[in-house]
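Trainee: The structure under discussion is supplied below as structure tokens; questions concerning it will follow.
The values are calculated or read from the model by the stated rules, or taken from the named source; none is laboratory data. In this text, all values refer to a predicted model and were calculated from it rather than measured experimentally. No Cβ is skipped: glycine too gets one built from the backbone with ideal geometry, and neighbour counts run over all protein chains shown. Just so you know, the surface numbers come from the protein's heavy atoms only, side chains and all, with ligands and any DNA or RNA stripped out. Shrake-Rupley method; radii C 1.70, N 1.55, O 1.52, S 1.80 Å.
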Number of protein chains: 2
Amino acid sequence: MAEQKKMVEAITSMEEDFAKWYTDVVKKAELIDYSSVKGFMVFRPYGYAIWENIQKDLDARFKELGHENVYMPMLIPESLLQKEKDHVAGFAPEVAWVTHGGGTALSERLCIRPTSETLFCEHYKNVIQSYRDLPKLYNQWCSVVRWEKTTRPFLRNSEFLWQEGHTMHATPEEAKEETLRMLHCYADFYRESLAIPAVLGQKTEKEKFAGAEATYTIEPMMHNGVALQGGTSHYFGDGFTKAFGITFLDRDNQIKNPYQTSWGVSTRMIGAIIMCHGDDSGLVLPPRIAPVQLAILPIAMHKEGVLEKARELYDRLRKEFRVKLDDSDNSPGWKFSEYEMKGVPLRLELGPKDIANHQCVLVRRDNREKIFVPLDNLEQAVREALDSVHEGLCRRAEQNLAEKMHVAHTHEEFLDIAQNQPGFIKGMWCGDSACEDQLKEETGGVKSRCIPFEGDPVGDVCVCCGKPAKHLVVWGRQY
Amino acid sequence: MAEQKKMVEAITSMEEDFAKWYTDVVKKAELIDYSSVKGFMVFRPYGYAIWENIQKDLDARFKELGHENVYMPMLIPESLLQKEKDHVAGFAPEVAWVTHGGGTALSERLCIRPTSETLFCEHYKNVIQSYRDLPKLYNQWCSVVRWEKTTRPFLRNSEFLWQEGHTMHATPEEAKEETLRMLHCYADFYRESLAIPAVLGQKTEKEKFAGAEATYTIEPMMHNGVALQGGTSHYFGDGFTKAFGITFLDRDNQIKNPYQTSWGVSTRMIGAIIMCHGDDSGLVLPPRIAPVQLAILPIAMHKEGVLEKARELYDRLRKEFRVKLDDSDNSPGWKFSEYEMKGVPLRLELGPKDIANHQCVLVRRDNREKIFVPLDNLEQAVREALDSVHEGLCRRAEQNLAEKMHVAHTHEEFLDIAQNQPGFIKGMWCGDSACEDQLKEETGGVKSRCIPFEGDPVGDVCVCCGKPAKHLVVWGRQY
């Protein structure tokens, strides 16, 4: 039984069934386990370690920009959720309600937070009095619950882990600047730490967040041509602060309402990593968030000196890198497959011949390139190889994004691409949400992803109705 | 209005009203805010930063001992909670129930986790097959909900933040060893990082955790003579693993149930810090978990060169310490009070005279000692001063613990001490829980804290019934 477990089973290929490939990877790489409540999953050690590395990296970026962490209650009274009417309309249908506590029925039911705008507003009302109290730049790491009908690990869970920033500012200009600053903070993180490029832009009215004046988004492209909303940043104006009666005395001695933003990314990012970088051998992790950056695999371990040398290298490398030494009695072949499945960016092979030559072999996970490295210079070589893997992943993802960016000039062309070429479609839009509805229905799911910040118009007329166009829109199917 | 806010209001003195002093400190040091749901509180940035430092320190200790972090679902189906009968009897009365999700009534109600033994067992059943899979050493950082009637910030909240370790082992011996290892890990953390000494021991049958075979506890003593359960570690035997059908194939080819532990500490520790170290000027924070270890306060800021020098020192010190430079236009007197209220371990005063003498003044929060320090040697001096504050806090807390440790040889003596001398009472016990009940009732709340690991018997007969004694017990009132 124990021995049986030690075989790395093959996974479904991406070509054959992308959805099945995805769930195979998620399970075989030991990222998650299912629980008995649908949509609520167990983050296993390897999956959670990815999230810990993401958290650490993002948290440092937020703090560098002046943000402070707080923790708000998990439960929101129904009356509080209802204070901002667009917001409650958006979220009430998908929340979980607590109706009993301590053995008795509650006088008012409480929902588990689906997001915490209302809780932050309730608190901000208590702590903001003067312009001296602004800006308030708060962030929270927590789990939230949104009752989903169809669930999929990382991509759509009823409970997920995330961060939600909620900030208050004296002027609309400052708040808008913060909204965009945080969107770019996400984009930088995606590229610099996850090796994932993305399209940045503004959501249309129809697609914006419940209660926001404007929603900005970062949209990476998956391997199969489906987009994923990678992170959003919202500008609220003073809608919530008026509804909650949050005021401050400004420099000019006037009482005013502050202006608000919120922004969030979640464990869905792990889904993006899997679908952006993974291959038929399993997960491929970007080195900067990989729980194990380098696996040391001694070859012919029984030969004199091999294990000693492997341990010596382990002790050297762990000072700078996240390293695992696998000196188990599993075969080298098993180990190669196992660390490929787990997406470890580099493996280090070391056998008696290597030791005699005072060298070792580094093998890159992304392209399987072998690099022979003198042991003297090992740290430097590992550093460079990890950077190369990162760059390699970036380049491949950029190429995928470029290849899957199509242009439609006419309605016919749009429908043809939507049916035959997976990916984004650039197409002009008149600004009417009726056209968004029509295109979504005609294509069975292609929606406006965003009005991109970059990119020239590709025509003059709406790709749906033919009327004069107002915006270039990037369209696509989404997770 | 803005200016009014900038006064540090006096707080109630400890002597006058300890409970009021406590809530004053919690609010004036800006640790928490109340929310509209009773027992659910907002951790403000300063309060949450203490928790972040605690987390970082403990998490490193856990990982050093081989533990891995995971994340389990927030919700537990009623049927799952019921699988271990002592456990459900202990927790069912105090949980919050979710009955509706996504607009419809659920077929089975779900409780928000009050603790996660059942969830870990459900998962362990899926991932433990062989002795090779053991031990499993998992830990989780999360929030839990226990519906409390009387709530008090940090000490008794309906929602609190904590960590819960849950481990599985092949033998009872290994599991028992882990139970005690983690209790000692907590005790080391309390002393080395929180500067809080404590009594360690085993809970009596009556006081142990619902479903555990044995519960161990660490019990620090507060300033007012009331004890606090600072952390617990439980040995479960194979009770849960049998109830959940968790088995493994052992080396001897036999199918067996593994042995289990769990252990946890929570944000209640922040309550312990406040009540163990605080004084009539506010919070006193142990340097190793203080969000700000050192506040730089320039004196006569308008004088040439003062602010520049202060900034220069700030840039030097922030490389090694958590430093805040307060160059606001508030008066030095206001600043002194503010950083005392917030419990910042050291303040650094720097005025024109100091600069002329190429020195500055360090003032310790714990005893207000002033130390004149040459600027050349500043880092070393700060390092030493922070260590001195830590040692000073330890010594004071040890003295408090020793002074409040009383001994009762007779029933009469016990009742007299319980009424007149706040603190712990050492007294012999026959082992019958009826005596625990009687003493608690007679004294209005003095309970057995633990059977301590250290300490010689103080007599032969039970301090309640006079029958032959089995154990030395440390008794006391608790938060």
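Trainee: Debye calculation, C-alpha points only, no solvent: report log10 I(q)/I(0) for the protein assembly as shown at q = 0.04, 0.10 Å⁻¹, in the same order as the q values.
Mentor: At q = 0.04, 0.10 Å⁻¹ the computed log10 ratios are -0.21, -1.37.
Trainee: How much mean residue ellipticity at 222 nm does the protein assembly as shown get from its helices, if each DSSP H run of length 4 or more adds -39500 (n - 2.57) and you divide by all residues, to the nearest 500 deg cm²/dmol?
Mentor: -10500 deg cm²/dmol
Trainee: Separate question: Identify the trypsin sites (Lys or Arg not before Pro) of the stretch A:342-404 meeting these criteria: DSSP loop state and at most 15 other C-beta atoms within 10 Å of the C-beta.
Mentor: A:368
Trainee: Turning to a different aspect of this structure: Take every Cα pair under 8 Å in the stretch B:226-358 that's 6+ residues apart, average their separations, divide by the length, and report that relative contact order as a whole percent.
Mentor: Contact order relative to length: 25 percent.
Trainee: Counting pairs on different chains as well as pairs 8 or more places apart, how many Lys pairs in the stretch B:24-121 have Cα atoms under 30 Å apart?
Mentor: On the way: B:27/B:38; B:27/B:56; B:28/B:38; B:28/B:56; B:38/B:56; B:38/B:85.
So the count of such lysine pairs works out to 6.
Trainee: So, in Å, what gap is there between the alpha-carbon centers of the stretch B:413-479 and the stretch A:419-468?
Mentor: Each part's Cα centre sits 77 Å from the other's.
Trainee: Over the Cα atoms, compute the radius of gyration (one decimal) and Dmax (the largest Cα-Cα distance, rounded to a whole number) for the stretch A:31-106, in Å.
Mentor: Considering the stretch A:31-106 through its Cα atoms, Rg and Dmax are 17.6, 46 Å.
Trainee: Let me know the charge dipole size of the stretch A:123-246 about its Cα centre in debye, to the nearest 20, where only the beta-carbon of Lys, Arg (+1) and Asp, Glu (-1) is charged.
Mentor: Dipole about the Cα centre, nearest 20: 340 debye.
Trainee: Right, here's the next one. A plus B alone minus the pair: what accessible area, both sides summed, probe 1.4 Å, in Å² to 100?
Mentor: Buried area (both sides, nearest 100 Å²): 5100 Å².
Trainee: Could I ask something else about it? Report the Cα centroid-to-centroid distance between the stretch B:347-405 and the stretch B:7-57 in angstrom, as an integer.
Mentor: Between the Cα centre of the stretch B:347-405 and that of the stretch B:7-57, the gap is 25 Å.
Trainee: Rounded to a whole number, what % of the accessible area of the protein assembly as shown do carbon and sulfur atoms account for, probe 1.4 Å?
Mentor: Carbon and sulfur: 47 percent of the exposed surface of the protein assembly as shown.
Trainee: Hey, with R₀ at 22 Å, roughly what FRET efficiency would residue B:173 and residue B:253 work out to, going by the Cβ-Cβ distance, to 0.05?
Mentor: Working from the Cβ atoms, E equals 0.60.
Trainee: Ignoring ligands, DNA and RNA, what accessible area per residue does chain B give at 1.4 Å, in Å²?
Mentor: Computed with neighbouring chains in place, this is 40 Å² per residue.
Trainee: At a threshold of 8 angstrom on Cα-Cα distance, excluding pairs fewer than six apart, so keeping six or more, what relative contact order does chain A reach in percent?
Mentor: Relative contact order comes out at 14 percent.
Trainee: Taking chain A as the reference, fit the longest principal axis to its C-alpha atoms, fit the long axis of helix A:411-420 to the helix C-alpha atoms, and give the angle between the two in degrees, 0 to 90, nearest 10.
Mentor: 30 degrees
Trainee: If you stretched the chain out fully between residue B:370 and residue B:125, how much longer would it get, using 0.36 nm times the residue separation minus the C-alpha to C-alpha distance?
Mentor: Value of the extension gain: 82.3 nm.
Trainee: Using all alpha carbons of the stretch B:108-189, what is the percent of pairwise distances in each 5 Å bin, ordered from the shortest bin to the longest?
Mentor: With 5 Å bins starting at 0, P(r) equals 3, 12, 18, 19, 18, 15, 10, 5, 2, 0.
Trainee: What residues in the stretch A:51-90 lose 50 Å² or more of accessible surface when the other protein chains are added to their chain alone (1.4 Å probe)?
Mentor: Relative to the lone chain, where solvent access is computed with a 1.4 Å probe, the stretch A:51-90 loses at least 50 Å² at A:52, A:69, A:71, A:73, A:74, A:75.
Trainee: Which distances, shortest first and in nm, link residue B:250 to the matching position in the other copies, using label points set 7 Å out along Cα to C-beta?
Mentor: 7.5
Trainee: Just how far, in whole angstrom, is the stretch B:250-280 from the stretch A:102-181 if you go by their alpha carbon centroids?
Mentor: One Cα centre to the other: 30 Å.
Trainee: Out of the DSSP beta bridges found with both residues in the protein assembly as shown, what percent are antiparallel (nearest 5)?
Mentor: 80 percent
Trainee: Here's another thing I want to ask about it. Considering only B:128, B:53, B:69, whose Cα is most displaced toward the positive end of the charge dipole of the stretch B:38-130, charges sitting on Cβ of Lys, Arg (+1) and Asp, Glu (-1)?
Mentor: Projecting each Cα onto the dipole axis, the largest value belongs to B:53.
Trainee: Further, regarding this structure: Within chain A, what is the longest stretch that has no GluC sites (Glu not before Pro) placed in a DSSP loop and near at most 16 other beta-carbon atoms within 10 Å?
Mentor: With a cap of 16 other Cβ atoms within 10 Å, the longest stretch comes to A:31-303.
Trainee: Same structure again: Could you give the radius of gyration (one decimal) and Dmax (whole number) of the Cα atoms in the stretch A:339-479, in Å?
Mentor: Reported Rg and Dmax, both Å: 23.6, 74.
Trainee: Run through the other copies and list how far each one's label point is from that of residue A:367, in nm with one decimal, shortest first; the point sits 7 Å from Cα along Cα-Cβ.
Mentor: Those label-point separations list as 6.5 nm.
Trainee: Related question: Normalized C-alpha radius of gyration of chain B, against 2.2 N^0.38 Å?
Mentor: 1.09
Trainee: Tell me which of A:458, A:397, A:427 sits at the most positive position along the dipole axis of the stretch A:383-479, charges placed on C-beta atoms (Lys, Arg +1; Asp, Glu -1).
Mentor: Going by the charge dipole, the pick is A:397.
Trainee: If the label for residue A:441 sits 7 angstrom from Cα along the Cα-to-Cβ line, what are its distances to the same label in every other copy, in nm to one decimal, shortest first?
Mentor: 7.5
Trainee: Using alpha carbon coordinates only, what is the Rg to Rh ratio of the stretch A:65-143, with Rh defined as the Kirkwood radius? If you can, show how the numbers build up before the last one.
Mentor: Numbers: Rg = 14.5 Å, Rh = 14.1 Å.
Rg divided by Rh gives 1.02.
Trainee: If you take every residue apart from residue B:172 with its C-beta less than 12 Å away from the C-beta of residue B:172, what net charge results, scoring Lys and Arg +1 and Asp and Glu -1?
Mentor: Values: positive: B:176, B:256; negative: B:173, B:174, B:177, B:178, B:213, B:238.
Counting the neighbours of residue B:172, the net charge comes to -4.
Trainee: Please compute the alpha carbon radius of gyration of the stretch A:206-343, then divide it by the globular-protein estimate 2.2 N^0.38 Å. Two decimals is fine. Don't skip to the end; give the middle numbers.
Mentor: Details: Rg = 25.3 Å, N = 138, 2.2 N^0.38 = 14.3 Å.
In units of the 2.2 N^0.38 Å rule of thumb, it is 1.77.
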